[in-house]
Every structure is written in structure tokens, then in C-alpha cells.
Amino acid sequence: MTIAIIDYGVGNLASVKKAMDHIDADSTITSDPKVVSHAEKIVLPGVGHFSATSSLDRSGLRDAVSESIKRGVPFLGICVGMQWMIDSSQEASGVRGLGLWPGECERFPASVKSPHVGWNQLELRNGSSRLLREISSGSFVYFTHSFRLPLLKTTVAECEYGGRFSAVVEQDNLFGVQFHPEKSGPIGLQLLRNFCSL
Amino acid sequence: MLTKRIIACLDVDGGRVVKGIRFLNLRDAGDPAELATAHSSSGADEIVLLDISATHEKRATLLDTVRRTARELFVPFTVGGGIRTLEDASAIFDSGADKISLNSAAISTPELIGEIAQRFGSQAVIVAIDAKRTDDKFHAFVHGGRKPTGKDVVEWAKEAEKRGAGEILLTSMDRDGTGKGFDCELTKAVSEAVRIPVIASGGAGSAQHFAEVFDEGHADAALAASIFHFGLSSLSELKQHLRSAAISVRWPC
């Protein structure tokens, strides 16, 4: 029983793995749907293009993730991995997300530089978040992305950059973060610890 | 609010951190992995490691250095110097870097920017430009500042963006290592011409210089090396100064 970090051929998985090792979490990088199905928790990292998530369909990983989620297995999507949790993205029309919540990822407005790169603040919404335990409103985390999730009912932390968007979403066993906890210093490590100790 | 980033740069040669003045007179400044962790815990928002020798023989040493440095670093980590092919870039990413910085190779094979961006994402590709003033223009140089390219810096930055670069690392060769302050005019010219973030580099000597390049130069981030290694100013002191100048930085860190 371990944490499966899903490898779907993109992104820097090594840094997520390193962060997990640092907090003494038992994790493994895998592209095998069977390993994912047996995992105690699932992390879907992601940098790069939304279209890359279409490889999850071909490899059987989408079904493995869907079934685990239904059984209540905790799931954490990071960056593009979080964007994949809703219906779709303007970045790749025709590529289907998991559709856990309705919505489409959108571009930043022309009034701000894009990508949104750097350390920005989390603004926590009222209510308790298990993922953000011991993390306070105003904490800085590292973002790097060109597309963003709109605000949803499941948003637990927002961020402001050319308008407000979802920085953290959470509902039952489902968690998504737009920033990179593995690159967000002590705050990011705390968030990963919170996820691992669910 | 999105903050201005302070980036600590480690120039490495054969596995050691060195620093020169105007690319010459190198002095030893320590172990890259130790310095990266120290800078990160004292408040650096990112770490950049530049391989200034980048000879074939030293490539293996570099990859080992990248691995060692990345291991305990939980802030963004960029590696540059001598990356000529997609394979070179892949090896650097595999060793634990989050971004790579292209300089000479971006000029000689501009397609490489797009190739790497397509595979690893634009956010992972920084195009570094070494700029020198001649008359009233800025020209791009390569090969550690030894060779002119004939390219105008602003035009080249725009092309790099179009080809898929996620950020521009802009170094003023005239100011590098002098401690006389960043070239705000150069930084502003590039920052206003592109939509991607611009990292100002070259010339940092005081906290006030950082404030100037953010205010007047419209830089999104500023990079410095020797100012941090030799304790000329601590990072927290620098950030406190910027906060009192109403520049938003990550704090506390």
C-alpha cells in the first residue's frame, strides 16, 4: 500500500517524488493502471500542455483513477493534473477532463503577463479544508501556468492574478492544487504532509 | 498578489561555485548543493545554476552536481550552460531541474526552443540573452559574451517568446559583476516588448538596485550571484528593504 504518482509521459515527476521522500511518505512513480488501482492514495502531477492528459485515456489510467476515486481513495491533482479534474480546457479543445465538476479552464486576460509565474498568495475561503490544515490565508506558494480553473463551489482557496481563480479545490476525497507544492518550500511540504496523513 | 522574485545564481565550473567580474577573474565560492540550500532557507525564491565551463568532459560532473543540488531543494531550480540538444535538456530535467536556460544554442538553433517547450512545457524553457550596449542599441552576444550575434536584443526576445520561451533571463554584460546596479533601461525595453516574465541580471550591488530594477526596469524577477555568496547583503535584509519600498515580495519566507 503506497502513494501512486502517475507517470503519463510528461512533466517533472522526480520533484514530486523527492518531496514525498523528504517527508518520509512511501510513494512510487508508475504508469501501470494495476498499481494505481491498488494504491492507497493517488497523485496526478502535471506540467505542460492539457492535451498530454489524453494519453491517460489510451493507457487505461483514466478508468483506474475513476474507479479508485469512486471507492473513496484520496486523489490529488497538481497543476495540469488539477485542471484535468473538471470538464475541459481552452488549451486543448476536444480533450476530455475527468468531469468531476462542471467547468472549463480558461486563459489569463491580456491585461496581465502570461504564464503566471512566481510566488502568489492563497486566500482561504471560510470552512475547513483538510488539505490546508495549519496553512494560513496569505501564505505564498509557487505557480507556473497559462490556464486556470474558474472559481467553483468546491474552491477552498483562491488566488488573484488578472482576476480570481481556483488555487485549491477540495471535496470529500478529491483535492486539486494549481500551484506546485513540491516547489513551494515549507508551505508546500506541509500541504503534502496533510495529504499523506489523510 | 504576485510577488517580485529574487533569484540566487550559482555559476559553477567543474562542480564548484565561482564568480568573476565581467566574466573573468574567477574566485571559488563553495559547494553548489550547500549554497543552494542555504540561499533557499534564507529566502531566495528560486535557484539558478549556470555551468560556465560547459565542456564535454565536465558534463558528467554537471549532471551529478544538478542531482545533488536538486535533492533537498524545494523551490524552483533552473540549470543552464552548454545545453545544445533536446537530449541535453532531457538529461538535465532527469537530474532534477525544473527549468533549463538556453543561450548560445537558442541563437544557433532557434527551433530548439520550440522542441523543448513542446516536450516539457514553455514554463520549463528560459531563453538567456547576454546584452551589450553599442551606440543607442542593445546587441545580443553568445559564448560567454565573446561572440556578437548581430541580433537586436528586443527583437530577439520577441522571437524567443514566439518560439515558446516561458521566461527571458536578461543579463547586462556592461554591468555584470560591477555592483553598479542593473541596467534598468535595457530591462524595461525588453519587459515592455514581451508578455512573458523578464528576469533582470548583472550589476546587483545593493538592495536599492533591486528596488530600481523592479520599479523603473519593470522586471518580474531579479537575479544576482556574488552579492549573496560573499555576504554583502543578506536575503532577508534585501527583502525587508524592498517591502519598505512598497515592492511586494514573498514574506515571511
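For the stretch B:1-17, filtering for residues that are within 16 Å of the chain's Cα centre (by Cα) and either at pLDDT below 85 or not in a strand (DSSP E or B) (or both) leaves 1. The condition of being within 14 Å of chain A (Cβ to nearest Cβ) and on the phi < 0 side of the Ramachandran plot holds for only one of B:A245, B:A207, B:A225, B:A193, that being B:A193. Restricting the stretch B:83-127 to residues that are under 24 Å from B:T37 (Cα atoms) and small (G, A, S), the residue that is surrounded by the fewest Cβ atoms within 10 Å (Cβ to Cβ) is B:S90. Restricting attention to the stretch B:56-67, the residues that are more than 12 Å from chain A (Cβ to nearest Cβ) and surrounded by fewer than 22 Cβ atoms within 10 Å (Cβ to Cβ) add up to 8. Summed over the stretch B:114-146, the residues that are in contact with a helix residue (DSSP H, G or I) (Cβ under 9 Å, 6 or more places away or on another chain), within 15 Å of B:G202 (Cα to Cα) and assigned to a loop (DSSP other than H, G, I, E, B) give a count of 1. Here A:I86, A:I5, A:I23 are screened, and the one residue that is in contact with a Leu (Cβ under 7 Å, 6 or more places away or on another chain), touching a residue at least 24 places away in the same chain (Cβ under 8 Å) and surrounded by fewer than 17 Cβ atoms within 10 Å (Cβ to Cβ) is A:I23.
Listed here are the residues, each with its yes/no results for (1) within 14 Å of another protein chain (Cβ to nearest Cβ); (2) over 19 Å from B:E167 (Cα atoms); (3) of a type outside the set (K, R).
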residue	(1), (2), (3)
B:G81	no, no, yes
B:F93	yes, no, yes
B:A97	yes, no, yes
B:P110	no, no, yes
B:Q123	yes, no, yes
B:D136	no, yes, yes
B:F141	no, no, yes
B:K147	no, yes, no
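Highlighted here are the strands (runs of 3 or more DSSP E) found entirely within the stretch A:83-198 that include at least 1 residues which are more than 10 Å from chain B (Cβ to nearest Cβ): A:86-89, A:101-107, A:155-160, A:164-171, A:174-177. Quick check: is even one residue across the stretch A:141-153 more than 26 Å from A:D26 (Cβ to Cβ) and out of contact with any strand residue (DSSP E or B) (no Cβ under 9 Å at 6 or more places or on another chain)? Checking the stretch A:141-153: not a single residue is more than 26 Å from A:D26 (Cβ to Cβ) and out of contact with any strand residue (DSSP E or B) (no Cβ under 9 Å at 6 or more places or on another chain). Against the list (1) closer than 24 Å to A:W119 by Cβ; (2) away from every other protein chain (no Cβ under 14 Å); (3) not in a helix (DSSP H, G or I); (4) not hydroxyl-bearing (S, T, Y), the condition B:I199 fails is (2).
Just give me the residues in the stretch A:89-142 being touching a residue at least 60 places away in the same chain (Cβ under 8 Å) and out of contact with any Phe, Trp or Tyr (no Cβ under 6 Å at 6 or more places or on another chain), in sequence order. Within the stretch A:89-142, A:L100, A:W101, A:R130, A:L132, A:R133, A:E134 meet the criteria. Can you pull out the residues in the stretch B:117-128 that are more than 16 Å from B:K158 (Cα to Cα) and either at pLDDT 95 or above or under 14 Å from the mean Cα position of the chain (by Cα) (or both)? Scanning the stretch B:117-128 gives a single hit, B:A124. Would you mention how many residues in the stretch B:189-211 are touching a residue at least 40 places away in the same chain (Cβ under 8 Å) and of a type in the set (S, T, Y)? Qualifying residue count, the stretch B:189-211: 1. With respect to the stated conditions, A:V117 fails to be surrounded by fewer than 19 Cβ atoms within 10 Å (Cβ to Cβ) and closer than 20 Å to B:V249 by Cα. Residues that are part of a helix (DSSP H, G or I) and either out of contact with any helix residue (DSSP H, G or I) (no Cβ under 8 Å at 6 or more places or on another chain) or within 11 Å of another protein chain (Cβ to nearest Cβ) (or both) were ranked within the stretch B:99-108; the one that is nearest to A:S184 (Cα to Cα) is B:S104. Scanning for something β-branched (V, I, T), surrounded by 24 or more Cβ atoms within 10 Å (Cβ to Cβ), within 18 Å of the chain's Cα centre (by Cα) and within 12 Å of another protein chain (Cβ to nearest Cβ), does the stretch B:159-181 turn up at least one residue? Within the stretch B:159-181, one or more residues are β-branched (V, I, T), surrounded by 24 or more Cβ atoms within 10 Å (Cβ to Cβ), within 18 Å of the chain's Cα centre (by Cα) and within 12 Å of another protein chain (Cβ to nearest Cβ).
Residues in the stretch A:26-52 that are buried (at least 18 other Cβ atoms within 10 Å of the Cβ) and within 13 Å of another protein chain (Cβ to nearest Cβ): A:P45, A:G46, A:V47, A:G48, A:H49, A:F50, A:A52.
On the given criteria, is B:F214 of a type in the set (F, W, Y), under 21 Å from A:P115 (Cβ atoms) and touching a residue at least 24 places away in the same chain (Cβ under 8 Å)? Here the answer is yes, as B:F214 does meet what is asked.
The values are calculated or read from the model by the stated rules, or taken from the named source; none is laboratory data. Bear in mind that the values here come from a model prediction, so they are computed numbers and not experimental data. With ideal geometry, Cβ positions are generated from the backbone for all residues, glycine too; neighbour counts draw on all protein chains shown.
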